[in-house]
Amino acid sequence: MRITSVGHAGLLVETSAGRILCDPWFNPAFFASWFPFPDNEAMDTAQLHTAEYLYVSHLHHDHFDAEWLRTRMSKDTVVLLPDFPVRDLRTSLEDLGFRHFVQTRDLEPTPLDGGVRVMVNALTSPTDGPIGDSAILVDDNGTRILNQNDARPVDEPRIRSFGPLAGHFLQYSGAIWYPMVYDFPARMKQTVGRRKRRNGMARALNYVEQYGAEHVFPFAGPPCFLDEELFHLNDLDGDDANIFPDQWVFLDFLREHGVANAHLFLPGTVTELGPDRGFRLEQVDERTVARIRDDRTGYLRDYQARRAERIRAEKAGWPTGRTDLLTSLQEWVEPLLRYADHTCEGVNGRVLVEVVDGADAAGAPGADTEQILFDFLDRRVARWAGEECRYRFELPRPLVERLVAERCPDWANELFLSCRFRAARKGPFNEFVTTFFASLSTERMSYVEGYYAELSQTEERARAGDYVVQRLCPHLKADLVRFGSHRDGVLTCRLHDWEFDLATGRCLTSDDRKIISEARVNPSDDDPDLPEIPAA
């Protein structure tokens, strides 16, 4: 099996069944905020255009590059579709002209030609990307790889049952807007940034150890930011509070933790994996590697100059007029709020959206700022009249005008990921707020409400010291027997480092989750088959 890095999360996997192109990304994403790092624009993409198979893991635009797929990709290719609960990915690909699909089933092997099998793990929590994320395993007659990209699978036994892995490709770097856009004090931002940077790499290490592949390839990030307004978000000098560490930082982290089988994987890097532990690595030239590694600021400034005209063109296409946003949002959002019982209960408050005139949301709101209230208590959208709000977003008018005009159902993974906004909140993170802004359609909101309704039902139980708790984490249904540990009365889910007080079930990480936890009054009466969550 021959695997070529196409940049970021992009892979060309050459198998006995033909070529599988995964997540090609070349054009700027999220309102010209994100660019592939390192630059992959000069790659020879001729063999990509006619690949026999296409796999798009999810709809984030650093994985789903609609412009490239529409203009460059053959529509005769066969698309391997994850088993998502909503049709958004298939519909988006059909709109681009694709017409041949293989609908996989979650964690069920799908045979292709020439003895090749694939298995896709579809993650279906509302917080997994825009209602879905996925990972794919490929088995070419005994040579197997896991392309995890930035998915966070929790069904390890089913993945391991696919067979021993020769290669594991996974994300390790941040891909979020937190904490950079928040009005936290500088010291708090530094503390949060260090924790997210460390936890992201630690989580990736956990996956590396779980799946035990012969070779590990970090990829799927970080992006880079070439617009001058966002250039400061790049990790230019190994800042331990920056959530976007590069491959060299992660490779050092792995070596410090005893992992010696990981490899640098830049655009154009080729690896060949075969039976009997066969392995070959063809790296890009050392001068290119050295420039990217040792002169980060100079490299990015040159990259910025090459893309400056594209950024100007993107901004020139943003709406410049003013429409009646309030009326449009009332007509669009209030019908969704009427049946969003679990979402409204989860938010349990109000959100203020301040629409700021100008190209970005930098600076304090001015006289032309439009203040719109999203009220999850009274289920209405209204002009803000001074009501207490737990969340506040300052959003640039041109981008809001675009989202409203297009009835974009996913503000979180369009505007928020751009980092072109500012935010404030009172109290801890509330995932229902972000999920709401990613679910602004009838289909998505219906799925979200059904998901939360199912989650509220009775769960399997497990022992955690002196307590019996629900076995699945209330955040993303991770199996706490495998991903959890407890110490000093606190239960921790290591998948996302969420913590729960065992005595009360209260979530110590966010105020919108609670775990079922009951003291073991008479341990001798416990079900002997009850699994045990390990002590830390």
- Task: May I ask you to verify whether Val216 is open to solvent by less than 30 Å² (accessible area, probe 1.4 Å) and over 18 Å from the mean Cα position of the chain (by Cα)?
- Result: yes
- Query: In region 60-96, what residues are part of a helix (DSSP H, G or I), among the aliphatic types (A, V, I, L, M) and closer than 25 Å to Phe37 by Cβ?
  - Reply: Ala66, Leu69, Leu89
- Message: Can you tell me which condition Val284 does not meet? The list is (1) in a loop (DSSP other than H, G, I, E, B); (2) surrounded by 15 or more Cβ atoms within 10 Å (Cβ to Cβ); (3) of a type outside the set (Gly, Ala, Ser); (4) in contact with a helix residue (DSSP H, G or I) (Cβ under 8 Å, 6 or more places away or on another chain), and all the others hold.
- Response: (4)
- Does region 301-312 contain at least one residue that is under 27 Å from the mean Cα position of the chain (by Cα) and closer than 30 Å to Gln371 by Cβ? yes
- Please work out if Leu508 is among the hydrophobic types (A, V, I, L, M, F, W, C), under 30 Å from Leu373 (Cβ atoms) and either open to solvent by 20 Å² or more (accessible area, probe 1.4 Å) or touching a residue at least 40 places away in the same chain (Cβ under 8 Å) (or both). yes
- Message: What's the number of the only condition in (1) of a type in the set (D, E, K, R); (2) modelled with pLDDT of 95 or more; (3) assigned to a loop (DSSP other than H, G, I, E, B); (4) in contact with a Lys or Arg (Cβ under 7 Å, 6 or more places away or on another chain) that Glu394 fails to meet?
- Response: (3)
- Pick from region 11-67, criterion in contact (Cβ under 8 Å) with a residue 60 or more places away in the chain and of a type in the set (A, V, I, L, M), ranking: most open to solvent (accessible area, probe 1.4 Å): Met43
- Check whether at least one residue in region 156-170 is modelled with pLDDT under 95, outside any helix (DSSP H, G or I) and either touching a helix residue (DSSP H, G or I) at 6+ places or on another chain (Cβ under 9 Å) or basic (Lys, Arg) (or both), and report yes or no. no
- Only one of Glu229, Glu272, Glu309 that is at pLDDT 95 or above, open to solvent by 20 Å² or more (accessible area, probe 1.4 Å), part of a loop (DSSP other than H, G, I, E, B) and of a type in the set (Asp, Glu): Glu229
- Message: If I filter region 480-505 down to residues being out of contact with any helix residue (DSSP H, G or I) (no Cβ under 8 Å at 6 or more places or on another chain), assigned to a strand (DSSP E or B) and in contact (Cβ under 8 Å) with a residue 40 or more places away in the chain, which single residue comes out as farthest from Asp150 (Cα to Cα)?
- Response: Arg487
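Okay, residues lined up against (1) open to solvent by 20 Å² or more (accessible area, probe 1.4 Å); (2) in contact (Cβ under 8 Å) with a residue 12 or more places away in the chain; (3) of a type in the set (D, E, K, R); (4) farther than 25 Å from Val208 by Cβ:
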{"position": "Val86", "(1), (2), (3), (4)": "no, yes, no, yes"}
{"position": "Ser92", "(1), (2), (3), (4)": "yes, yes, no, yes"}
{"position": "Asp95", "(1), (2), (3), (4)": "yes, no, yes, yes"}
{"position": "Leu107", "(1), (2), (3), (4)": "no, yes, no, no"}
{"position": "Pro111", "(1), (2), (3), (4)": "yes, no, no, yes"}
{"position": "Gly114", "(1), (2), (3), (4)": "yes, yes, no, yes"}
{"position": "Thr143", "(1), (2), (3), (4)": "no, yes, no, no"}
{"position": "Pro153", "(1), (2), (3), (4)": "no, yes, no, no"}
{"position": "Leu165", "(1), (2), (3), (4)": "no, yes, no, no"}
- Message: When you scan region 28-47, do you find a residue that is in contact with a Leu (Cβ under 6 Å, 6 or more places away or on another chain) and within 23 Å of Ala17 (Cα to Cα), even just one?
- Response: no
- Message: Of all residues being modelled with pLDDT of 90 or more and part of a loop (DSSP other than H, G, I, E, B) in region 443-473, which is nearest to the chain's Cα centre (by Cα)? Just the residue, please.
- Response: Gly465
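The values are calculated or read from the model by the stated rules, or taken from the named source; none is laboratory data. The structure presented is a predicted model; accordingly, all values stated were derived computationally and were not measured. All Cβ positions, even for glycine, are placed from backbone atoms using ideal geometry, and neighbour counts span all protein chains on display. These area figures cover heavy atoms from the full protein model, side chains too; ligands, DNA and RNA do not enter into them. Shrake-Rupley method; radii C 1.70, N 1.55, O 1.52, S 1.80 Å.
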